[in-house]
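Take this structure, written in structure tokens, and hold onto it; I'll ask about it next.
The values are calculated or read from the model by the stated rules, or taken from the named source; none is laboratory data. On a predicted model such as this, the values are computed, not experimentally measured, just so you know. Ideal geometry is used to build each Cβ from the backbone, glycine not excepted, and the neighbour counts take in all protein chains shown.
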Amino acid sequence: MTSTDSLAQNLTCIDCGSSYSLGYRLECAKCQGLLELRYDLDVLRGRGPTLFAGTGLWRYAPVLPIADPAHRITLGEGGTPLLDCPRLAAQLGVRRLLIKYDGPNPTGTVKDRSSATAIAAALQFGFHATSVVSSGNAGSSIAAYSARAGLRSLIFAYQRASAPKLLHMAATTSDLVIYQGVYDDLITHWDRLVEERLFFDCGASRNAYKHEGKKTLAYEIAEQTGWQPPDVVVAPVAVGETFIATARGFREMREAGWIPRLPLMVAAQATGANAIVRAFRERRPITPLKIGYTVAEGLAAGNPGRKGEWTLRLLRELGGLAGDVGDEEILATQRTLARTEGIWAGPTGVAALAVLTRLLAQRQLDPAQTICVIVSETGLKTEAEPPSRQGVAFDAESLEKLVRERLGV
């Protein structure tokens, strides 16, 4: 056993428990349930974190499902900072606040973690083309990683995606198609084409190999805290891929005896696309929503499908929490995070922090705990009204006057 070997053993149905070999399978043949990857826990218990070597996402290759190191495509993703934020913690009234900031990833988003394992799996299973339906970040990430691997990509992009994301997609993909409506309008039709194997499924609906890359969030957070994870982890949720993968990562480490406890998992949604939060709050099944636009583009899914049901199940089984916030709160939080801690994140990225702020105000969380928020994207990929470009001409006297006025000296 070396640090480059994968410990993946099988695919297991989350509903009926049926087990399958490590092939390209998207659902259970018996009950159509979703599948999750299972690993050799005996080796994990015996070897501990000494299994890991190197840096970045593929440091965690033993708990990822890519057998051949030659297939492990990378652009340098993973290894993102876990930032202690004392000023913002004081403002929110919490003992300790950590931001797991995934903006430094190669395309500026947490999606690079799942793109790395998705494209690696496409190579592993012999595909020559990839595809995804995206509201922005997933499209630019899958396009970039497909190009890195020498694969053709067919990217379906939301017509209201921000210009930086569209520019990035147009630069990296071999085929860009702009679709009308929202994600939910196209994904059902696209999912049917997945069955014909015209391309490798890089969507968020079913592919266990794709979302497995986001599990490294949990491993990094645990390692960066000395294997004493935070009391609470807040994750952004559209269909639930980041939430599920992170929860699974913590569960694996707990079962292997690497961490003493599981953190409380909190699901964060935008109010305009909050089907999972509504179901959790009202103690009922998920009812799909017809949604419009939200500034948190990456959370704009009104019908989270089976992944949403899995997220809801985990929330209930783990005793988690769920919350949602509107666009104004998200934008206000974006400004606060930038001014207070110098972190310029996109609206999708700060939605989880905005939800934390609301839950604290509602006294649903203990402020004496250590709380970690996953901030999933940089602000450099979003569109906003720029400040005025009108300049001022200075001489020595007027410059000194302005400086003294601004600094109050």
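Residues checked against (1) in contact (Cβ under 8 Å) with a residue 60 or more places away in the chain; (2) buried (at least 24 other Cβ atoms within 10 Å of the Cβ); (3) of a type in the set (A, V, I, L, M, F, W, C):
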residue: LEU83; (1), (2), (3): yes, no, yes
residue: GLN91; (1), (2), (3): yes, no, no
residue: ARG95; (1), (2), (3): yes, no, no
residue: PRO106; (1), (2), (3): no, no, no
residue: SER146; (1), (2), (3): no, yes, no
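Also: Among the numbered criteria (1) touching a residue at least 12 places away in the same chain (Cβ under 8 Å); (2) over 22 Å from TYR209 (Cβ atoms), which single criterion is violated by LEU167?
(1)
Just checking, which of ILE244, ILE286, ILE276 is surrounded by 21 or more Cβ atoms within 10 Å (Cβ to Cβ) and farther than 16 Å from ALA351 by Cβ? Give the steps one after another, and end with the answer.
Numbers: ILE286 fails: surrounded by 21 or more Cβ atoms within 10 Å (Cβ to Cβ); ILE276 fails: farther than 16 Å from ALA351 by Cβ.
Just a single option satisfies the conditions, and that option is ILE244.
Name every residue in the stretch 348-373 that is more than 21 Å from ARG281 (Cα to Cα), modelled with pLDDT of 95 or more and assigned to a helix (DSSP H, G or I), in order of residue number.
VAL350
So which residues in the stretch 108-149 are assigned to a loop (DSSP other than H, G, I, E, B) and touching a helix residue (DSSP H, G or I) at 6+ places or on another chain (Cβ under 9 Å)?
GLY108, VAL110, PHE125, PHE127, HIS128, SER135, GLY136
Continuing with this model, one more query. Is one or more of the residues making up the stretch 150-159 farther than 25 Å from PRO347 by Cα, over 20 Å from the mean Cα position of the chain (by Cα) and assigned to a helix (DSSP H, G or I)? Walk me through it before giving the result.
Within the stretch 150-159, the first condition is being farther than 25 Å from PRO347 by Cα, and the residues that meet it are 150-154.
Adding the requirement that they be over 20 Å from the mean Cα position of the chain (by Cα) leaves 150-154.
Keeping just the survivors that are assigned to a helix (DSSP H, G or I) gives none.
Taking every residue of the stretch 150-159 in turn, none turns out to be farther than 25 Å from PRO347 by Cα, over 20 Å from the mean Cα position of the chain (by Cα) and assigned to a helix (DSSP H, G or I).
Please state which one of ALA90, ALA116, ALA67, ALA144 is among the hydrophobic types (A, V, I, L, M, F, W, C), touching a His at 6+ places or on another chain (Cβ under 9 Å) and over 17 Å from VAL350 (Cβ atoms). Break it down into steps so the answer makes sense when it comes.
Numbers: ALA90 fails: touching a His at 6+ places or on another chain (Cβ under 9 Å); ALA116 fails: touching a His at 6+ places or on another chain (Cβ under 9 Å); ALA67 fails: touching a His at 6+ places or on another chain (Cβ under 9 Å).
Going through ALA90, ALA116, ALA67, ALA144 in turn, the sole match is ALA144.
Let me ask something else about it. So which residues in the stretch 182-209 are more than 20 Å from ALA245 (Cα to Cα), assigned to a helix (DSSP H, G or I) and touching a strand residue (DSSP E or B) at 6+ places or on another chain (Cβ under 7 Å)?
Those that are more than 20 Å from ALA245 (Cα to Cα), assigned to a helix (DSSP H, G or I) and touching a strand residue (DSSP E or B) at 6+ places or on another chain (Cβ under 7 Å): TYR183, LEU186, ILE187, TRP190, VAL194.
Still on this model: For the stretch 379-409, which residues satisfy the criterion of being assigned to a helix (DSSP H, G or I) and either of a type in the set (Asp, Glu) or loosely packed, with under 10 Cβ neighbours inside 10 Å (or both)?
First pass over the stretch 379-409, keeping only residues assigned to a helix (DSSP H, G or I): 379-381, 396-407.
Matches in the stretch 379-409: ALA396, GLU397, GLU400, GLU405, ARG406, LEU407.
Would you point out which residue out of VAL177, VAL239 is within 27 Å of ALA149 (Cα to Cα) and assigned to a loop (DSSP other than H, G, I, E, B)?
Numbers: VAL177 fails: assigned to a loop (DSSP other than H, G, I, E, B).
Within the list VAL177, VAL239, the selection yields VAL239.
Restricting attention to the stretch 247-267, and to residues there that are part of a helix (DSSP H, G or I) and either touching a residue at least 12 places away in the same chain (Cβ under 8 Å) or at positive phi (or both), which single residue is surrounded by the fewest Cβ atoms within 10 Å (Cβ to Cβ)?
Applying the first criterion (part of a helix (DSSP H, G or I)) to the stretch 247-267 yields 247-255.
Still in the list and also either touching a residue at least 12 places away in the same chain (Cβ under 8 Å) or at positive phi (or both): 247-250, 252-253, 255.
Values: ALA247: 26, ARG248: 19, GLY249: 22, PHE250: 24, GLU252: 21, MET253: 22, GLU255: 13.
Here the answer is GLU255.
Give the stretch 47-58 a look and list any residue that's free of Cβ contacts under 8 Å to residues at least 24 places away in the same chain and under 19 Å from SER115 (Cβ atoms), or say none.
From the stretch 47-58, those free of Cβ contacts under 8 Å to residues at least 24 places away in the same chain are 50, 56; that's our starting set.
Passing the criteria: only GLY56.
Does ILE142 satisfy being in contact (Cβ under 8 Å) with a residue 40 or more places away in the chain, in contact with a strand residue (DSSP E or B) (Cβ under 7 Å, 6 or more places away or on another chain) and closer than 19 Å to ASN303 by Cβ? Lay out the reasoning, then the answer.
Values: in contact (Cβ under 8 Å) with a residue 40 or more places away in the chain: yes; in contact with a strand residue (DSSP E or B) (Cβ under 7 Å, 6 or more places away or on another chain): yes; closer than 19 Å to ASN303 by Cβ: no.
Considered against the rule, which asks whether it is in contact (Cβ under 8 Å) with a residue 40 or more places away in the chain, in contact with a strand residue (DSSP E or B) (Cβ under 7 Å, 6 or more places away or on another chain) and closer than 19 Å to ASN303 by Cβ, ILE142 comes out as no.
Shifting gears a bit: Taking the stretch 95-107 only, how many residues are assigned to a strand (DSSP E or B) and in contact with a Leu (Cβ under 8 Å, 6 or more places away or on another chain)?
Taking the stretch 95-107 and keeping what is assigned to a strand (DSSP E or B), we get 96-101.
Going one step further and asking which of them are in contact with a Leu (Cβ under 8 Å, 6 or more places away or on another chain), we end up with 97-101.
Residues that pass the stated criteria total 5.
Kindly indicate the residue of the stretch 366-378 that is surrounded by 12 or more Cβ atoms within 10 Å (Cβ to Cβ) and of a type outside the set (S, T, N, Q) and also nearest to MET169 (Cα to Cα) among those meeting that condition. Give the steps one after another, and end with the answer.
Going residue by residue through the stretch 366-378, those that are surrounded by 12 or more Cβ atoms within 10 Å (Cβ to Cβ) are 366-367, 369-378.
From the residues that got through so far, the ones that are of a type outside the set (S, T, N, Q) too are 366-367, 371-375, 377.
Numbers: ASP366: 42, PRO367: 41, ILE371: 34, CYS372: 31, VAL373: 28, ILE374: 24, VAL375: 22, GLU377: 16 Å.
The extreme case among them is GLU377.
Give the residue that is modelled with the highest pLDDT, with candidates limited to residues of the stretch 175-213 that are among the aromatic types (Phe, Trp, Tyr) and within 16 Å of ALA238 (Cβ to Cβ).
The initial filter retains those residues of the stretch 175-213 that are among the aromatic types (Phe, Trp, Tyr), namely 179, 183, 190, 199-200, 209.
Remaining after also requiring within 16 Å of ALA238 (Cβ to Cβ): 183, 190.
On the way: TYR183: 78, TRP190: 92.
Per the stated criteria, the residue is TRP190.
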